[in-house]
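Heads up, the thing below is written out as structure tokens.
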Amino acid sequence: MKVRVRFAPSPTGGLHLGGVRTVLFNYLFARAHGGDFILRIEDTDQGRFVPGAEQYIMDCLTWCGLEPDESPVKGGPHMPYRQSERKAMYQQYAQQLVAAGYAYYAFDTPEEIETMRTAHRKDEHSHAQYDGNTRMHMKNSLTLPEATVQQLLADKTPYVVRIKVPANTTVTLNDMIRGEVSFDSSLVDDKVLLKADGMPTYHLAVVVDDYLMQITHAFRGEEWLPSAPVHVLLWEYLGWKDQMPQWAHLPLILKPDGNGKLSKRDGDRLGFPVFAMNWTDPKTNEVTAGFREIGFMPEAFVNMLAMLGWNDGTGQEVFSLKELTEKFAIERIHKGGAKFDYEKAKWFNHQHIQRTDDQTLARLARPFMEAKGITADEALLVKVAGLIKDRCTLLPDFYTQGHFFFATPEVTEMAAITEKWNAQKQAFFEGWSAALATQANADAAALEASFNEHVQQHGLKKGDVMLPLRIMLVGGKYGPGVFAIAELIGITETINRITAVLRSI
RNA sequence: GGCGUGUUGGUCAAUCGGUUAAGACGCCUCCCUUUCACGGAGGAAUGACGGGUUCGAUUCCCGUACAUGCUACCA
């Protein structure tokens, strides 16, 4: 049977790190087994629907290089891929469950349910939930006479359909990551399957769609494990038990300090992105930072996520997406959650930058240069990228480490020159820059030779004037070799920068 | 509270009963570098606790502790 997996996000906002990792594991598993990766939009909660979120999610997948084989826009053999457009199917199966006695209508108002809960919470050992212990005291088709139920239905009284979870049985599932996990059904509540607005809840929708779309392996976050018995029961009640996908509940990505799931708030608080790409809340216009915009390469981002909960056992940490698809093995996924480490994340990006050719780097860096007002010549940008890549961790570093190749820098460390300035140095720079004007050979070695010669003529030591020269050309105490810089900006610009600084001393 | 899941250095982690318990990030020291980095060489730092099983437990089992997830007509 062909492997089919799916990522099923709800379009409610930014795409979280953990979500991307779930996508990644789905994708890798599909590729490793020659299977299909499906994107399904779980937009069953009309109250939480956010316009633009669906497109945003797809853009994130595109950026990461994790394109689905079937999706709402791409289509596929199981259209539609948006649950809101599949409403009728869920209703049909909900009716089937009711008819078979596996589910029932419930007419309780939210207030009535709340009353039941508060009443039961007082009792130490109560479950305080709508379940086998309480359902017979509520307003539903199990407790009401058939005629009353029919009347209520005919009167269009709002109702939900709930699963009737059996008492005293053990529901077991075999998780690919955790092995056998079992639950006492008496402790599982009668989850709502169909809401009053006619939409299914996740519980019904995930089972129906996984069945209809012939999903063979279902990856999701560990937070879903407690509701897994409901899903297993549904597969059984719908008569599809032998086609139930294999479950894999992924460990959580935790916040760096303390414990708990990593949230958008943690990113804001600690100063790093949590979403794959910038997300703008359409209501408030508030922008939440994304890894793309802060300057991560997609491959580094994906690599970093893969290593959060998985490794190949060899100690190798840097992988291309292609290598990951070749080496990924679900057996090596961890059970425990991993704390997110932003420093390590940046290290991954640095590693990928070093492994990327200069042309590609120039292409990646360009938007960040342009955002700072620098329109760089392509050939020069490629050379600069190669020259400074080892001191770049994030893509914007190509600007901070290389802007002076493209525009005369502001001298921010003038003090480093003036502190030890004297007439001798003044004479040296005046003399050397004048000599440069007639120098034909502009390569770094020739420039340095000329420099050395003049240093001697003026009775100086090279070390006396190297730093001043750097400040003149770069503006600060950083950057690659000074003569390499002089070569790339050219003799004329070198002279100009020296002259400008001499004038301001 | 109940139920589920988890627990090797500060963090990511290897180990599939026998090791001086890898490696990486970060941190510290030194080297290289007439700047800043890269790079190189070192260093500090780990099996939550208590019982078993075993000739031998980080590894298997059971408790305890701690952490975390869930307990919505949200996913």
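The values are calculated or read from the model by the stated rules, or taken from the named source; none is laboratory data. Since we're looking at a predicted model, the values are computed, not measured. As a convention, Cβ positions derive from the backbone with ideal geometry for all residues, glycine included, and neighbour counts pool all protein chains shown. For the accessible areas, the whole protein counts, side chains as well, though only heavy atoms, and no ligand, DNA or RNA atoms are used. Shrake-Rupley method; radii C 1.70, N 1.55, O 1.52, S 1.80 Å.
A few comments on the model shown:
- Among A:469-482, A:416-429, A:299-312, A:177-190, the order from most to least packed when residues are scored by Cβ within 10 Å on average: A:299-312, A:469-482, A:177-190, A:416-429
- For segment A:387-500, the Cα gyration tensor yields ellipsoid semi-axes of 24, 16, 12 Å (square root of five times each eigenvalue, largest first, whole Å).
- Relative contact order of chain A, pairs being alpha-carbon contacts under 8 Å that are 6 or more residues apart, as %: 12 percent
- Note on A:GLU146: accessible area is roughly 120 Å² with a 1.4 Å probe, heavy atoms of protein only.
- For segment A:330-349 and segment A:154-198, distance of Cα centres in Å: 33 Å
- The Cα-based radius of gyration and maximum Cα-Cα distance (Dmax) for segment A:358-405 are 8.9, 23 Å.
- At 1.567 mPa s and 4 °C, Stokes diffusion of segment A:205-249 via Kirkwood alpha-carbon radius, µm² per second: 124 µm²/s
- Entries of A:LYS139/A:LYS164; A:LYS191/A:LYS241; A:LYS2/A:LYS191; A:LYS195/A:LYS264; A:LYS87/A:LYS156 with Cα pairs more than 21 Å apart: A:LYS2/A:LYS191; A:LYS195/A:LYS264
- Annotation: peptides A:276-286, A:103-113, ranked by per-residue average of other Cβ atoms within 10 Å with the highest first, follow the order A:103-113, A:276-286.
- Largest-first ordering by accessible area, 1.4 Å probe, given options A:LEU361, A:LEU321: A:LEU321, A:LEU361
- Rg(Cα) / (2.2 N^0.38 Å) computed for segment A:88-226, rounded to two decimals: 1.14
- The value obtained for chain A, namely the Cα convex hull volume divided by the number of residues, is 191 Å³ per residue.
- Note on chain A: with neighbouring protein chains present and a 1.4 Å probe, carbon and sulfur make up 51 percent of its accessible heavy-atom surface.
- The residues neighbouring A:PHE219, those whose beta-carbon lies less than 15 Å from its own, together hold a net charge of +1 under the Lys/Arg +1, Asp/Glu -1 convention.
- Normalised per residue, the accessible area of segment A:87-194 is 54 Å², obtained with a 1.4 Å probe and no contribution from ligands, DNA or RNA.
- Annotation: lysines with alpha-carbon distance below 26 angstrom to A:LYS372 (same-chain offsets under eight excluded): A:LYS346, A:LYS383, A:LYS389, A:LYS477.
- When the residues A:MET199, A:MET79 are ordered by accessible surface, computed with a 1.4 Å probe over the protein chains alone, the sequence from largest down reads A:MET79, A:MET199.
- Considering helices alone, the calculated mean residue ellipticity of chain A at 222 nm is -13000 deg cm²/dmol, with DSSP H runs of length four and up weighted by -39500 (n - 2.57) and normalised per residue.
- Semi-axis lengths, largest first, of the ellipsoid equivalent to segment A:8-164 are 39, 20, 15 Å, with √(5λ) applied to each eigenvalue of the Cα gyration tensor.
- Under 5 Å from the amide H of A:GLN246 lie the amide H atoms of A:HIS217, A:ALA218, each residue being 5 or more positions distant or on a separate chain, with H modelled from the backbone and absent for Pro and chain starts.
- The H on the amide N of A:ARG6, modeled in the peptide plane, is under 5 Å from the matching H of A:ILE38, A:PHE219, each at least 5 residues off or on a different chain.
- Angle between chain A longest axis and helix A:202-212 axis [Cα atoms, degrees, rounded to 10]: 90 degrees
- Helix A:358-370 and the longest principal axis of the Cα set of chain A meet at an angle near 90°.
- For A:CYS392, residues with placed amide H under 5 Å, excluding near neighbours: none
- Whole-Å distance, taken between Cα centres, linking segment A:47-61 and segment A:405-462: 56 Å
- Surface accessible to a 1.4 Å probe, per residue, for the residues of segment A:415-504, Å²: 45 Å²
- Selection from A:PRO158, A:GLN91, A:THR12, by position along the positive dipole direction of chain A (Cβ): A:THR12
- Sequence of A:PHE406, A:PHE49 when ordered by accessible area, the most exposed leading, probe 1.4 angstrom: A:PHE49, A:PHE406
- Taking 18 Å as the straight-line reach from the Cα of A:LYS255, the aspartates and glutamates in range (excluding those fewer than 8 positions away in the same chain) are A:GLU222, A:GLU223, A:ASP266, A:ASP268, A:ASP341, A:GLU343.
- Rounded to two decimals, the Cα-based Rg/Rh of segment A:264-354, with Kirkwood Rh, is 1.02.
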